[in-house]
Amino acid sequence: MKNIGQQTILDAVKTLPEKPGVYRMLSESEHVLYVGKAKNLKSRVRSYTLIDKLPLRLQRMVFNTRSLEIITTNSEVAALILESQLIKKLQPRYNILLKDDKSFPYIYIQKEHRFPQMYKKRGVNTATAHSFGPFASVDSVDETLIALQKIFKLRNCSDSFFKGRKLPCLQYHIKRCSAPCVEKVTHEKYTEQQLHTMNFLKGKTQSVQTELQKKMMAASQSESFELAANYRDQILSLNKIQAHQHINLHSTKDADVIALHQEKGCVGLQVFFVRNGYNYGNRSYFPSHIKDQDTSEIMQQFILQFYTKHSPPKHILLSHPPAEQTMIETALNSLHNTSSYLSTPQRGEKHTFMQHALNNAQIAVQRALMEQTKHIELLRLLGKFVGATRPLKRIEVYDNSHIQGKHAVGAFIVANEDGFDKKSYRKFTIKDSQVMGDDFGMMKEIFERRFNKVEEKSGWELPDLIIIDGGIGQLNSATNALKNYHFSCPPILMAVAKGPDRNAGREKLLLHGQSNIQLDFNDPLLFFIQRLRDESHRFVITTHRSKRDKSMVNSSLNDIPNIGPTRKKALLHYFGSVKPIKTATLEELSQVRGISPKVAKVIYDFFNS
């Protein structure tokens, strides 16, 4: 007998075209369960009706399917691109998903400025500055920036800060800037240092060192020994930076090296960024929903999702060949207008580098497995402690924040078997003016707004355990709020009350209908609960500060006559924050687009009268 999902797909197949395209399997609540692409939609979707031939993961997907949507495309390559974009956007439950998708940091050097600024920023935007990267982490960018500042002494301050200087700042005194703001360096010398910096970042280290050596010898021959010593120090510092690079890939100018390791059901990928022959660091990825998937399919989905957002270099070196490699290359080149190609190195320098990347991937997977085992054991202990009758799959931790009722916000964070699920975090701006500053009333509002989503079947899952940062009052408020809902398996409630003098380790754990419990100071379960509570506290405090700071900025500028949203935005875009606006001169204010000399006088008088 066919199940409902199987019959749904059979009925849909009758009207499907024999064309390339993308299909989406939807649940009863119309949430996307799975996204796939096909050369022939009718043929591909029909294969899901052969339940016995599907892996267990897709059998579950078919069982939960209640409707199907399709988008036809002109080619299979277009379908492949659209599939990766939809997976990235919709995060379907049964697709292989790339969790971490932060943009990468780059080093920038301004294009149009007499004394260009060197700074870091995420993402690529070459309209106003030269970009160098990507770097694997902010730490690796900071390390490189500090080294370059010490050697070449380019400024890192904003233009507004640069304009307002009368004396050199601290960066000059610690020998990380040549202080062009107060003319401690000539324009010609600064330009020379800028070119050296850019050439170094482009990988032209040998030419930079050769030029510095010539200048050192010339300075020495003219008996400018202090200048010669300065060039000598620059050369020595450049040598140290190059020696610090552990393993490089000089035979290939720009490449991403992607290594995959699979062990005990866990898959980890290491991506190394090689630019101008030098290793710019690596980042670990652990895609989810990878059960029943072979390495070629995992590698294919990873490449497509990763390069949907990030621009690929010319060479992409892989430890395992992906499924449909030629089509992936065509899709990437079509998407980014590049000429990238994929290869699996078998010998030489590239193969040696790949072995290094594979070793890193193996270590990362083994560390993740160890952490996961520890995490699951802590979940089991927590479930036993709160009296759960089934394993804890989802924990929500609630907190709120305000200052005397102002900028009141509430939030919850989510933890599951994989750790913190940051995409499921939620924040709430308190709307009821009657409960501003009332912790119990605020908790009640947050609960009602959150659990109305479950009643509305909006896709918000019901947690197995709810942890509240607070005492018996917050626990009673949450308990009373949940009484209005009739869940078949209601979540367990627990409050974490701060100990005497708010000391960590002296917390009391409150469960409804039970006496307070205080765990031993060194109990691993207490550390785990503290971690959950601290993460919720961090998230809600960050939300509150953001709201407060935004309000403070708006209130400062809102009081100025004739300053509407457009001018306010222009001022903040030009100066970066309110502080430099307050200290700006009339001439500086007049340079902002949309600010006439008359309006500049109004702003100046407002802050200086």
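The values are calculated or read from the model by the stated rules, or taken from the named source; none is laboratory data. Please read these numbers as outputs of a predicted model, since none were measured by experiment. As a convention, Cβ positions derive from the backbone with ideal geometry for all residues, glycine included, and neighbour counts pool all protein chains shown. Protein only, heavy atoms only, side chains kept; ligands, DNA and RNA dropped before computing areas. Shrake-Rupley method; radii C 1.70, N 1.55, O 1.52, S 1.80 Å.
Got a sec? Which of Ser220, Ser207 is free of Cβ contacts under 8 Å to residues at least 40 places away in the same chain, under 26 Å from Ile107 (Cβ atoms), small (Gly, Ala, Ser) and open to solvent by 30 Å² or more (accessible area, probe 1.4 Å)?
Ser207
What are the residues in the range 389-403 that are at pLDDT 90 or above and open to solvent by less than 30 Å² (accessible area, probe 1.4 Å), if any?
Hits for the range 389-403 are Leu392, Arg394, Ile395, Glu396, Val397, Tyr398.
Show me the helices (runs of 4 or more DSSP H) entirely contained within the range 1-92 in which 1 or more residues are free of Cβ contacts under 8 Å to residues at least 60 places away in the same chain and touching an Asp or Glu at 6+ places or on another chain (Cβ under 6 Å).
41-46
Taking into account only those residues within the range 267-299 that are more than 22 Å from Gln59 (Cα to Cα) and outside any strand (DSSP E or B), which is most open to solvent (accessible area, probe 1.4 Å)?
Residue satisfying both the conditions and the ranking: Phe286.
Taking the residues in the range 182-203 that are within 35 Å of the chain's Cα centre (by Cα) and among the hydrophobic types (A, V, I, L, M, F, W, C) as candidates, determine which candidate is farthest from Phe152 (Cα to Cα).
Leu201
Hey, could you check the range 88-125 for residues that are closer than 19 Å to Asp418 by Cβ and touching a Leu at 6+ places or on another chain (Cβ under 7 Å) and say which is surrounded by the most Cβ atoms within 10 Å (Cβ to Cβ)?
Per the stated criteria, the residue is Pro92.
Is it the case that some residue within the range 272-281 is modelled with pLDDT under 90, within 22 Å of Leu332 (Cα to Cα) and within 16 Å of the chain's Cα centre (by Cα)?
No, that holds for no residue.
Counting just the residues of the range 142-175 that are open to solvent by less than 80 Å² (accessible area, probe 1.4 Å) and among the acidic types (Asp, Glu), which one comes out nearest to Glu587 (Cα to Cα)?
Asp159
Find the residue count for the range 97-141, including only residues that are small (Gly, Ala, Ser) and touching a residue at least 60 places away in the same chain (Cβ under 8 Å).
5
For the range 194-203, which positions are out of contact with any Ser or Thr (no Cβ under 7 Å at 6 or more places or on another chain) and either in a helix (DSSP H, G or I) or at pLDDT 90 or above (or both)?
Those that are out of contact with any Ser or Thr (no Cβ under 7 Å at 6 or more places or on another chain) and either in a helix (DSSP H, G or I) or at pLDDT 90 or above (or both): Gln194, Leu195, His196, Thr197, Met198, Phe200, Leu201.
Applying the selection to the range 337-357, what residues are within 22 Å of Gly281 (Cβ to Cβ) and either out of contact with any Leu (no Cβ under 8 Å at 6 or more places or on another chain) or aromatic (Phe, Trp, Tyr) (or both)?
Matches in the range 337-357: His351, Thr352, Phe353, Gln355, His356, Ala357.
Quick one: would you say Ala323 is open to solvent by less than 20 Å² (accessible area, probe 1.4 Å), touching a helix residue (DSSP H, G or I) at 6+ places or on another chain (Cβ under 7 Å), in contact (Cβ under 8 Å) with a residue 12 or more places away in the chain and among the hydrophobic types (A, V, I, L, M, F, W, C)?
It is false that Ala323 is open to solvent by less than 20 Å² (accessible area, probe 1.4 Å), touching a helix residue (DSSP H, G or I) at 6+ places or on another chain (Cβ under 7 Å), in contact (Cβ under 8 Å) with a residue 12 or more places away in the chain and among the hydrophobic types (A, V, I, L, M, F, W, C).
Which residues, counting only those in the range 288-331, are under 24 Å from Arg367 (Cα atoms) and either modelled with pLDDT under 90 or of a type in the set (Phe, Trp, Tyr) (or both)?
Within the range 288-331, Ser288, His289, Ile290, Lys291, Asp292, Gln293, Asp294, Phe302, Phe306 meet the criteria.
Residues are listed down the side, and each one gets a yes or a no for (1) at positive phi; (2) part of a helix (DSSP H, G or I); (3) of a type in the set (Val, Ile, Thr); (4) open to solvent by 40 Å² or more (accessible area, probe 1.4 Å):
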residue	(1), (2), (3), (4)
Thr308	no, yes, yes, no
Pro312	no, no, no, no
Met327	no, yes, no, no
Thr330	no, yes, yes, yes
Ser334	no, yes, no, yes
Leu342	no, no, no, no
His351	no, yes, no, yes
Gln355	no, yes, no, yes
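Restricting attention to the range 204-248, report how many residues are under 33 Å from the mean Cα position of the chain (by Cα), modelled with pLDDT under 75 and either part of a loop (DSSP other than H, G, I, E, B) or among the acidic types (Asp, Glu) (or both).
Residues meeting the conditions: 4.
Would you confirm whether or not the range 298-308 contains a residue that is over 30 Å from Asn125 (Cβ atoms) and in contact (Cβ under 8 Å) with a residue 60 or more places away in the chain?
yes
Condition check ((1) open to solvent by less than 70 Å² (accessible area, probe 1.4 Å); (2) closer than 16 Å to Gly410 by Cβ; (3) at pLDDT 85 or above) across all residues:
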site: Phe428; (1), (2), (3): yes, yes, yes
site: Lys457; (1), (2), (3): no, no, no
site: Leu462; (1), (2), (3): yes, no, yes
site: Leu465; (1), (2), (3): yes, no, yes
site: Asp469; (1), (2), (3): yes, yes, yes
site: His486; (1), (2), (3): no, no, no
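Do we have any residue at all in the range 30-46 that's at pLDDT below 90 and of a type in the set (A, V, I, L, M)?
No, every residue in the range 30-46 fails to be at pLDDT below 90 and of a type in the set (A, V, I, L, M).
Going through the range 565-609 one residue at a time, which ones are part of a helix (DSSP H, G or I), without any contact (Cβ under 8 Å) to a residue 40 or more places away in the chain and among the charged types (D, E, K, R)?
Arg567, Lys568, Lys569, Lys579, Lys582, Glu587, Lys598, Lys601, Asp605
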